[in-house]
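Asks: The structure follows.
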Number of protein chains: 2
Amino acid sequence: MSKGIYLSSPEHYEILIEKYDTWMFDCDGVLWHDDQLIEGAAEVLKILRTRNKAIVFVTNNATKSRKTYKRKFDGLGVEAYLGEIFGSAYASAVYISSVIKLSKSKKVYVIGMIGIEEELAEEGISCIGGTDPADRTVEPFSLSNFTLDPEVGAVLCGFDPFINYTKLSKAFQYLSRNPGCHFLATNTDSSFPADGGVLPGAGAISAPLRFALDKDPLVIGKPSITMLDCIKAKIDFDPKRSIMVGDRLNTDILFGQAGGLSTLLVLTGITSEKDITGPNASSIVPDFVTQSLGDLRAAERSSR
Amino acid sequence: MSKGIYLSSPEHYEILIEKYDTWMFDCDGVLWHDDQLIEGAAEVLKILRTRNKAIVFVTNNATKSRKTYKRKFDGLGVEAYLGEIFGSAYASAVYISSVIKLSKSKKVYVIGMIGIEEELAEEGISCIGGTDPADRTVEPFSLSNFTLDPEVGAVLCGFDPFINYTKLSKAFQYLSRNPGCHFLATNTDSSFPADGGVLPGAGAISAPLRFALDKDPLVIGKPSITMLDCIKAKIDFDPKRSIMVGDRLNTDILFGQAGGLSTLLVLTGITSEKDITGPNASSIVPDFVTQSLGDLRAAERSSR
């Protein structure tokens, strides 16, 4: 299996920056780990802005709204604008309002966090479930205490650490009993790096419904092209002169490739050297590989 | 798609009873619905016993131990013996002790109900998780409050209406971090008929782990041959002169076929006429079909 071009010299980085006008970035594992900025990442973003590059942040994390994300950038001292931030919660809300065109009298049953609720509210879409304390119960679910709301026209499933049988059973009822009810997932990352290890991700939260219904949700986040359609609707860019930077092969790199963008893999997140070389290497091959986004600072030295 | 032979006359039932020495029965949807005996079912079992047929009850329900099942039979006034009852919790415990031969110093992390705990205890196997109130929490899981128990050598997953992120995350840690930790599921029924509708089944409970680990569990219950191996170890029968009676094509009928038994589908449970006839009929075809187990009472009238 061939691997991507491993960048190393200042000239490499200079050519790369020269070549692309639009730079799309995954956030976690590329710009930061939790609340720890990756060394040099902020500086590289500054270099790109100085050179008039368009910047887009594309994250599958649906627990936070764009506004909350903006506060995270601010807190870390990284320049970012609301219009540059595309999260899977936002893209899901835009999809429901603009593509499905869900009637204003209808609602979305949410499995997920406040980020989804905030983005749906911004698009004027009503929702139930989500952070409602009534659904955060340890009691088993009983159909005799449940009233099917005929106005639920979609179930949107994202990461939810409060997942339980009540939430799953309610979603299952809507999807199996409300005619035409849409089954959507913000993203289906199988796992995510947490403090002290790895935990099951958003894909694990929608998996029970997938299995019980024998039906796949429409996935909004990376690598789905739906996320790119959402970006395209707001930002003008030429895929041939755009590059997606990410730490995951099966979301970020696949996403960039599906949209006809070039791709740069960084090794500061979930993917390691052994995932792209050797006999068990992934079949997903990025165009370029570098150790860390911070490496691109070398371009400045090259151009001085 | 050809369908099974639809039985209707007293002679049909007489021939059927004559032909088979060992009769294996699924319970829910065949003998009863919840706590309501299906008309004539008890009488048919009595006819079979009078004619010296061997009777075996094979259920995927892992929430109850065999002893609890026996009490259910007693409560409904149906003759049954502990040695005739094979549940997927029991078969899982036998599999762990006899096939895996899990060391007595090791433990099983259980996602499931008391039925699994009781059957594991009967086989002398230690377990954690299960009905432990500490795991029945609405709080999100944090790895910083978790200590990996290196003695957990298997995760056994059955139906659990108290499923939550804590249980899933603990199981995920054992399966991804304890070397050689076995991943087992009592059964993977996608759904089950409940009072007032259908709810997600045991397969939906193990689905998040399946997805997050990208690994399938070894399934013990029907249609797995592991369940039949468990029966074979305790009961002597000739598959050619044995018949499996059930209401589900993808568990009961498939199970009988995999074991070389003949199969009889009853339409008192999850499968309806349209699932076996017409253009969308299942590819799983039983040998015989009858409306209800109670129909076999007609054989008595034929032999009088």
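Asks: With only Lys, Arg, Asp and Glu charged, each at its Cβ (+1 for the first two, -1 for the last two), find how big the charge dipole of the protein assembly as shown is about the Cα centre; round to the nearest 20 debye.
Replies: Charge dipole, the protein assembly as shown, about its Cα centre: 400 debye, nearest 20.
Asks: Any lysines with Cα under 27 Å of the A:Lys72 Cα? List them, leaving off those in the same chain fewer than 8 positions away.
Replies: Partners found: A:Lys46, A:Lys53, A:Lys64, A:Lys222, A:Lys232, A:Lys234.
Asks: Quick check on the protein assembly as shown: helices-only [θ] at 222 nm, where DSSP H runs of length 4 and up contribute -39,500 (n - 2.57) each and the sum goes over total residues. Nearest 500, please.
Replies: The helix-only estimate for the protein assembly as shown comes to -9000 deg cm²/dmol at 222 nm.
Asks: Shifting gears a bit: Once you have a ≥ b ≥ c as the square roots of the Cα gyration tensor eigenvalues for the stretch B:168-296, tell me rounded if a/c is under 1.5, and otherwise prolate or oblate according to whether a/b is larger than b/c.
Replies: oblate
Asks: If you don't mind, there's one more thing I want to ask. Taking amide H positions as placed 1.01 Å from N in the peptide plane, with prolines and chain starts having none, which residues 5 or more places from B:Leu218, or on another chain, fall under 5 Å of its amide H?
Replies: The list, which skips near neighbours in sequence, is B:Phe183, B:Leu184, B:Ala185.
Asks: Continuing with this model, one more query. Going by Cα centres, the stretch B:212-246 and the stretch B:74-93 are how many Å apart?
Replies: A separation of 15 Å, based on Cα centres.
Asks: Within 10 Å of each Cβ of A:211-219, how many other protein chain Cβ atoms are there on average?
Replies: 4
Asks: Set Lys and Arg Cβ to +1 and Asp and Glu Cβ to -1, take the dipole of chain A about its Cα centre, and tell me which of A:Asn280, A:Tyr165, A:Ala54 lies farthest positive.
Replies: A:Ala54
Asks: Same structure again: Restricting to Cα pairs below 8 Å that are 6+ residues apart, what does the relative contact order work out to for chain B? Please round to a whole percent.
Replies: Here the relative contact order equals 24 percent.
Asks: Taking every DSSP beta bridge that has both residues in the protein assembly as shown, what percent is antiparallel when rounded to the nearest 5?
Replies: In the protein assembly as shown, DSSP labels about 15 percent of beta bridges as antiparallel.
Asks: Write down the percent of antiparallel bridges among all DSSP beta bridges whose residues are both part of chain B, to the nearest 5.
Replies: 15 percent
Asks: OK, next. Which FRET efficiency, nearest 0.05, do A:Leu37 and A:Asn250 yield, Cβ-Cβ r, R0 35 Å?
Replies: E between A:Leu37 and A:Asn250, to the nearest 0.05, is 0.90.
Asks: Let me know the mean shielding of A:131-143 by other chains, meaning the per-residue number of their Cβ atoms within 10 Å of its Cβ.
Replies: Mean shielding by partner chains, rounded to a whole number: 3.
Asks: A further question on this structure: How far apart, in nm, are two points set 7 Å out from the Cα along the Cα-to-Cβ line at A:Thr137 and at B:Ser142?
Replies: Between A:Thr137 and B:Ser142, the simple spin-label model gives 2.7 nm.
Asks: While we're on this one: Along Cα-to-Cβ, 7 Å out, sits the label point; list in nm, shortest first, how far the one on A:Asp238 is from those in the other copies.
Replies: Label-point separations across copies, in nm and ascending: 8.1.
Asks: Which one of A:Gly203, A:Ile243, B:Asn178 has its Cα pushed farthest toward the positive end of the charge dipole of the protein assembly as shown, where Lys and Arg give +1 and Asp and Glu give -1 at the Cβ?
Replies: The listed residue farthest towards the positive side: A:Ile243.
Asks: Could you list, bin by bin from short to long, the percent of Cα-Cα pairs of the stretch B:89-219 in 5 Å steps?
Replies: The calculated distribution, bin by bin, is 2, 11, 22, 24, 22, 12, 5, 2, 0.
Asks: For chain B, modelled as a Gaussian network with Cα springs under 10 Å, which listed residue fluctuates most, B:Lys107, B:Lys170, B:Lys215?
Replies: Looking only at B:Lys107, B:Lys170, B:Lys215, the largest GNM fluctuation is found for B:Lys215.
Asks: Now for a different question. Residues with beta-carbon under 11 Å from that of B:Phe288, excluding B:Phe288: net charge, scoring Lys, Arg +1 and Asp, Glu -1?
Replies: 0
Asks: Which of A:Thr63, B:Phe255, A:Gly4 sits closest to the plus end of the dipole of the protein assembly as shown, meaning its Cα is farthest towards the positive end, when Lys and Arg get +1 and Asp and Glu get -1 on the C-beta?
Replies: It is A:Gly4.
Asks: If we sort B:198-207, B:34-43, A:10-19 on the protection proxy, mean other Cβ atoms within 10 Å, highest first, what's the order?
Replies: B:198-207, A:10-19, B:34-43
Asks: In addition: Hey, which residue of A has the C-beta nearest the axis mapping A onto B, and what's the distance in Å?
Replies: Nearest Cβ to that rotation axis, in whole Å: A:Ala207, 2.
Computed from the coordinates by the stated procedures, all read-outs in this text should not be read as laboratory data. Note that the coordinates shown come from a computational prediction; the quantities given were computed from them, not determined experimentally. Every residue, glycine among them, receives a Cβ derived from its backbone with ideal geometry; neighbour counts consider all protein chains shown.
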